[in-house]
Number of protein chains: 2
Amino acid sequence: MSSYIKKSVAAMQGYTPGEQPTDPRVIKLNTNESPYPPSPAVGKALQSLKAETLRLYPDPVSLALRRKIAALHGATPDNVFVGNGSDETLALCSRAFVEDNGAIGYFEPSYSLYPVLAQIRAVTARPLELGSEFEWAMPADYQANLFFMTTPNAPTGIQYHKALVCAFCARFKGVVVLDEAYVDFARENCMDLALEYNNVLVLRTLSKSYALAGLRLGYVVGSVPLIAALFKIKDSYNVDRITQAAALAALSDQAYMRNLVERIKTTRRQTIADLERMGFCVFPSESNFLWVKPPRGSAADLYRRLRERNILVRYFPGGRTQDYLRITIGTDEQMRALTDAIRTLAEAG
Amino acid sequence: MSSYIKKSVAAMQGYTPGEQPTDPRVIKLNTNESPYPPSPAVGKALQSLKAETLRLYPDPVSLALRRKIAALHGATPDNVFVGNGSDETLALCSRAFVEDNGAIGYFEPSYSLYPVLAQIRAVTARPLELGSEFEWAMPADYQANLFFMTTPNAPTGIQYHKALVCAFCARFKGVVVLDEAYVDFARENCMDLALEYNNVLVLRTLSKSYALAGLRLGYVVGSVPLIAALFKIKDSYNVDRITQAAALAALSDQAYMRNLVERIKTTRRQTIADLERMGFCVFPSESNFLWVKPPRGSAADLYRRLRERNILVRYFPGGRTQDYLRITIGTDEQMRALTDAIRTLAEAG
C-alpha cells in the first residue's frame, strides 16, 4: 500500500496546527488570532457580495487586490503576489527557489512549518540555533538556497535589528523571505528591503493585525522575477472571489487596523507588567503574543493547569521551547482572567 | 538574477487559464462555468456568516464538510480530502505520489494543467495520445507513478466506458486519479472504484454542476492511506471559513444541483441538434460543454469571428485540437445567440 506514496512523504509527520477548541467558554490565547473582529468594511463587503457571481471563476491573478497592496507599499502590482494564506506563499517559495539538491534555512526556534516545508520538498533543512536569549547568531559561512526569517520571530516575539537583517540580505547568496506576519505590532519593518534587493521577499498576512485568520490571505512583495516565478507555479485560481473582495475591503481600512494594533499594544504593556510583577521572565515582544518563562514549576505544568481552567495558551514540548509558554494578547478582560488564574495557582502552590 | 529561481521553474511557462472578460455584454462560453447561479442555500449561508468569526482560523481539516461529503458517497470522513479547488488537490497528488525520478501520465488531449504539474515537480510527463476519435488507447505496457484521467474528458466531453476504466485501475501499478469534474452531467460515475481500489482517487469539484467556480472547492475520495498522505502535505489551513460554510450549504441542496444539471442537459440536446443541422461534427458529450468541428473554414477563424460578435468560446491552438472548438453550454438564450451568429456567418460566407 505505502508503495504508492512518495517515500519522503510517507516518512514525514506533517505540521501540527494549534488546537481549535469548539467550546465557547475557552479563553483562546494559543494561535495568535485577534481578540477583536475585522473591520466593519469586511462585513459590508460580504453582505454586498452577490452569491450569483460565484458561478464565475475568480480573477486568476487577483489584480484589484494586488493594485491595492502595491499602492500601500509604494510598489507596482508586478512586485506583489497574493496567496491562500501566507502558508501557500511559503510553500510556493520552497518550490520556486530551491533545487532538488538544495537547502532551506531558518532559525531554531521559529515557525515550526519551515522544517515541514523542507520535508515536503525532500531537500536539506538547515536550521540555525538562536543564542541563549533567542538572539541572532548567523555564522559568516552559512549557506542555503532559501532562508525563512520570521521577524518579529515566533514563538519569541523578538524583532531582529533591521541593520543586521539588511546586512544578511546583502551578503546571502540565496533568496531571503522575511516573514513579517507580526510586523504591524513592531517598531519598524523591512518592506523597503523587498524593493531594494533582488533576493528579498517580504511576506505579510491578514491573519493577525487585520483579524482575518479565517479568510486566508497572505501576500508577498519583492522583485519582479521572483514574483513572476511564484505566479508560474501557483494553483490557477488560488484566491477565491470572496477572499479577494473581503481582503480588498480590509486593506482599504488602514485606520481600523492601526487602532486594533494600538489596543493590542496597550494590553501587551499591561500584561507584561502584571506577569513581571509575578516573577515571570517576559521577552521583549514586538508582536501580538508574549514568550514567557514561569518563575517556578514547569511550563508544561502551568499550561495544563491553565487549560483545566479553560485558558488555552501555546506550549511547544521538547527542546529549548519546553521551558516557555507562548501567550497571545487577548482583550484586557481575557488577560485579567489569565493573570488572576496564574495568581490563584501560585497561591495554591 | 535568474540564478535564484529553480532551473525547472525558470524554464517553464505556467498554466494559461481561459480568458475572464470583464465586459458584461460578452456571452461567456469558454471556461465551463454554469450559466445559472448556485443554490439559494449558498446565499443564505453567506448572509448568516458573521464577519466577526473570521478573526479565528478555520477548521484545518474541514471536518463538517468532509462528514457531509462522506455521507453523500457512502464513505467515512477519513476517505475524504477537501482542497482549495480541484487544482490544489491535483497538485498535492503530484507531490504525494511521484518520486523525484518518477513519471506522471495523462491522455493527450486532456486538461492542460497536467503537463504543467509535471513541469513544476520536474518529473517525467508521459502523455498518451488518444485515438483518431479521441477514444481510449492505452498500451498494455504503459507505466507511470500517477495517472490523471479526466472522465468525462476535457476538452472532448467524452466519457470512457466504466469497464475499461475499472480494468485499467486494476492493473495499473501507480495511483489513478479519476478527475470527475464533469461527471454530474454524465450517465454514470466511478465513485465506487475509489472505495474499492487502494490506488484509485476520485476527484470532484463544486465549480461546474454546483455553479461555484468562484468559491474554490474540490474534493477527493479514496483509500485512507492515500488521503492521509494528502493531509500531511497540504497547507495548514487550506480551505477558509467562508468556503467551508458555503460548500456545506451547496452540498446539502442536492435537489437544486440535479435540477441545474437537467436544465443544462436539455439545452445540450437542443444545441447538439442545431449544430449538427448546420453540418458541425459534434462529439457525444457527457459534460456541460461540446467539442465540435466546424463544417467548413478553420476553427480558429470561427473562434475569431464569434469573438468579434462578443461570443467567447474556447480555442486550443496547435496540434490536433486546432481543428475544434470547445463550447460551454449556457442558457437556452445564449445558445440561440451562438447558433444564430454561426448561421449568419455561414450565410455571409
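The values are calculated or read from the model by the stated rules, or taken from the named source; none is laboratory data. Keep in mind that what you see is a predicted model, and the values were worked out from it rather than measured. As a convention, Cβ positions derive from the backbone with ideal geometry for all residues, glycine included, and neighbour counts pool all protein chains shown.
Odds and ends about this structure:
- Any hit, segment A:87-101, residues being of a type in the set (Gly, Ala, Ser), in the same structural domain as A:Glu180 (by TED's automatic domain parsing) and over 23 Å from A:Asp192 (Cβ atoms): yes
- Among residues of segment B:151-187, those that are out of contact with any Asp or Glu (no Cβ under 9 Å at 6 or more places or on another chain), free of Cβ contacts under 8 Å to residues at least 40 places away in the same chain and within 14 Å of chain A (Cβ to nearest Cβ), counted: 3
- Whenever a residue of segment A:305-322 is in the same structural domain as A:Gln20 (by TED's automatic domain parsing), its partners that are modelled with pLDDT under 95 and of a type in the set (Lys, Arg), lying with C-beta atoms within less than 6 angstrom and at least six residues away or across chains, give the pairs A:Asn310/A:Arg25.
- Count of segment B:135-151 residues which are modelled with pLDDT under 95 and surrounded by 22 or more Cβ atoms within 10 Å (Cβ to Cβ): 0
- Where a residue in segment B:232-257 is within 10 Å of chain A (Cβ to nearest Cβ) and its partner, wherever it lies, is among the acidic types (Asp, Glu), with Cβ under 6 Å and at least six apart: B:Asp235/A:Asp87; B:Asp235/A:Glu88; B:Ser236/A:Asp87
- Segment A:188-231, residues that are β-branched (Val, Ile, Thr) and either within 19 Å of the chain's Cα centre (by Cα) or within 9 Å of chain B (Cβ to nearest Cβ) (or both): A:Val200, A:Val202, A:Thr205, A:Val220, A:Val221
- Within segment A:264-291, considering residues that are out of contact with any Phe, Trp or Tyr (no Cβ under 7 Å at 6 or more places or on another chain) and among the charged types (D, E, K, R), the one surrounded by the most Cβ atoms within 10 Å (Cβ to Cβ): A:Arg268
- For the condition among the aliphatic types (A, V, I, L, M) and away from chain A (no Cβ under 14 Å), B:Leu325 qualifies.
- Qualifying positions in segment B:1-35 - over 16 Å from B:Gln119 (Cα atoms) and facing chain A (nearest Cβ under 7 Å): B:Met1, B:Ser2, B:Tyr4, B:Pro17, B:Gln20, B:Thr31, B:Glu33, B:Ser34
- Residue check for A:Pro139: in contact with a helix residue (DSSP H, G or I) (Cβ under 9 Å, 6 or more places away or on another chain) and either more than 9 Å from chain B (Cβ to nearest Cβ) or hydrophobic (A, V, I, L, M, F, W, C) (or both): no
- Selection over segment A:105-134 of residues that are away from every other protein chain (no Cβ under 14 Å) and among the hydrophobic types (A, V, I, L, M, F, W, C) gives a count of 5.
- Pick from segment A:152-193, criterion closer than 18 Å to A:Thr76 by Cα and out of contact with any Leu (no Cβ under 6 Å at 6 or more places or on another chain), ranking: surrounded by the most Cβ atoms within 10 Å (Cβ to Cβ): A:Leu193
- Some residue of segment A:36-58 being within 9 Å of another protein chain (Cβ to nearest Cβ), free of Cβ contacts under 8 Å to residues at least 60 places away in the same chain, within 19 Å of B:Asn84 (Cα to Cα) and hydrophobic (A, V, I, L, M, F, W, C): yes
- One residue stands out among those in segment B:1-47 that are modelled with pLDDT under 95 and of a type in the set (Asp, Glu): the one that is nearest to the chain's Cα centre (by Cα), which is B:Glu19.
- B:Thr328 hydroxyl-bearing (Ser, Thr, Tyr), in contact with a strand residue (DSSP E or B) (Cβ under 6 Å, 6 or more places away or on another chain), at pLDDT 95 or above and surrounded by 17 or more Cβ atoms within 10 Å (Cβ to Cβ): yes
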